[in-house]
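Structure record follows, encoded as structure tokens.
The values are calculated or read from the model by the stated rules, or taken from the named source; none is laboratory data. Remember, it's a predicted structure, so these values are computed and weren't measured experimentally. Here the Cβ is made from the backbone with ideal geometry for all residues, glycine too, and neighbour counts use every protein chain on show. Note: areas computed on protein heavy atoms with side chains; ligands, DNA, RNA excluded. Shrake-Rupley method; radii C 1.70, N 1.55, O 1.52, S 1.80 Å.
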Amino acid sequence: MSNTECVNGHFVCDSCHSDGLSMIPEVCLASESRDPVELVTRLMRLPGMHMHGPEHHVAVGSALLTAYRNCGGDIDLESALEEMAGRGRQLPGGVCGLWGNCGAAVSCGMAYSIITGSTPLSGESWGRCNIMTSRCLEAIGSLGGPRCCKRDSYAALIAASAYIGETLGVDIPVGDPVCGFSSMNPQCKGDECPFHAN
């Protein structure tokens with residue numbers, strides 16, 4: 001049993017659902033993109049990346065880490081991406097509706113933790129990691145449901161980029177995302193989504 005079920009009533013475990021994760025580090029390490037939304041969109045188009053699913057829990061944080069490095073942030077990107085993959089894979093699919101915290105927001109919190117080296121015993125950075133996640137959750141929650149991993153990823157990355165600039169002094173430019181995935185989403189909100197192509 002899992003939180004993911006296909007239209008024929010079969011359950012799909014997170015491990016099988018996340019078969020698109022293997023290419024994320026390779027794409028990120030080769031990228032010069034400074035815009036995490038542009039990069040996550042590229043990751044979303046990789047084979048094995050689904051419309052919805054826990055693979056976004058790794059892709060969002062990976063795009064943020066890559067953009068941070070490409071904008072002058074001081075991190076070892078290869079090891080940061082490895083850590084992001086290990087943490088992101090632990091977050092199950094469906095948490096947005098079942099736990100009340102979207103994995104895209106938590107992924108941004110994980111990325112901030114990796115950047116700052118935060119642990120459960122940290123002081124200021126511990127608090128900032130939680131504020132990062134809360135800013136992303138507010139951005140996602142204000143858009144309302146139902147879930148859309150693409151919309152939620154964009155909203156989280158916009159909020160996360162602003163918070164990094166505010167607290168770490170690294171300016172991460174974010175373009176105006178226009179979703180190209182709506183035809184794949186039966187629950188698409190259409191014009192009610194700020195990223196919907198009009």
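Loop only by DSSP, 15 or fewer other Cβ within 10 Å of the Cβ. Give me the trypsin sites (Lys or Arg not before Pro) in the stretch 45-119 that pass, ordered by residue number. List each step's numbers first, then the result.
Details: sites: Arg45, Arg69, Arg87, Arg89; in loops: Arg45, Arg89.
Within the stretch 45-119, the qualifying trypsin sites (Lys or Arg not before Pro) (loop, at most 15 other Cβ atoms within 10 Å) are Arg45.
Which three extents, in whole angstrom, do the alpha-carbon atoms of the chain cover along their principal axes, largest first?
Principal extents (Cα only, largest first): 47, 37, 32 Å.
List the GluC sites (Glu not before Pro) in the stretch 95-166 that DSSP assigns to loop (not H, G, I, E or B) and whose Cβ has at most 12 other Cβ atoms within 10 Å. Which are they? If you can, show how the numbers build up before the last one.
Numbers: sites: Glu124, Glu138, Glu166; in loops: none.
Counting only loop positions with at most 12 other Cβ atoms within 10 Å, none of the GluC sites (Glu not before Pro) in the stretch 95-166 qualifies.
Using Cα centres only, tell me the gap between the stretch 69-84 and the stretch 94-159 in whole Å.
After rounding, the separation between the Cα centres reads 18 Å.
Please work out how much length the chain gains when fully extended from Leu98 to Ala197, using 0.36 nm per residue of separation minus the C-alpha to C-alpha distance, in nm with one decimal.
Details: separation 99, 0.36 × 99 = 35.64 nm, distance 2.89 nm.
Contour length minus Cα-Cα distance gives 32.8 nm.
Mean separation of Cα pairs under 8 Å and 6+ residues apart, divided by the residue count of the stretch 101-152: what relative contact order is that in percent?
Working: 35 pairs, mean separation 22.9, N = 52.
44 percent.
Please work out whether the stretch 110-198 counts as rounded, prolate or oblate from its C-alpha gyration tensor, where a ≥ b ≥ c are the square roots of the eigenvalues and a/c under 1.5 means rounded, while otherwise a/b larger than b/c means prolate and anything else oblate? Write out the running numbers ahead of the final one.
Numbers: a/c = 2.98, a/b = 2.10, b/c = 1.42.
Cα axes put the stretch 110-198 in the prolate bin.
Multiply the residue gap between Leu168 and Ser183 by 0.36 nm, knock off their C-alpha separation, and tell me the result in nm, one decimal place. Numbers along the way, then the final one.
Values: separation 15, 0.36 × 15 = 5.40 nm, distance 3.75 nm.
Extending this stretch completely gives an extra 1.7 nm.
Collect residues whose amide H, placed 1.01 Å from N in the peptide plane, falls under 5 Å from the amide H of Cys179; neighbours closer than 5 in sequence don't count.
Correct list: His196, Ala197.
According to a simple spin-label model (label point 7 Å from Cα along Cα-to-Cβ), what is the distance in nm between Ser22 and Ser122?
For Ser122 paired with Ser22, the spin-label model returns 3.2 nm.
Quick check: at a probe of 1.4 Å, how many percent of the accessible area of the chain sits on carbon and sulfur atoms?
Accessible surface attributable to carbon and sulfur in the chain totals 51 percent.
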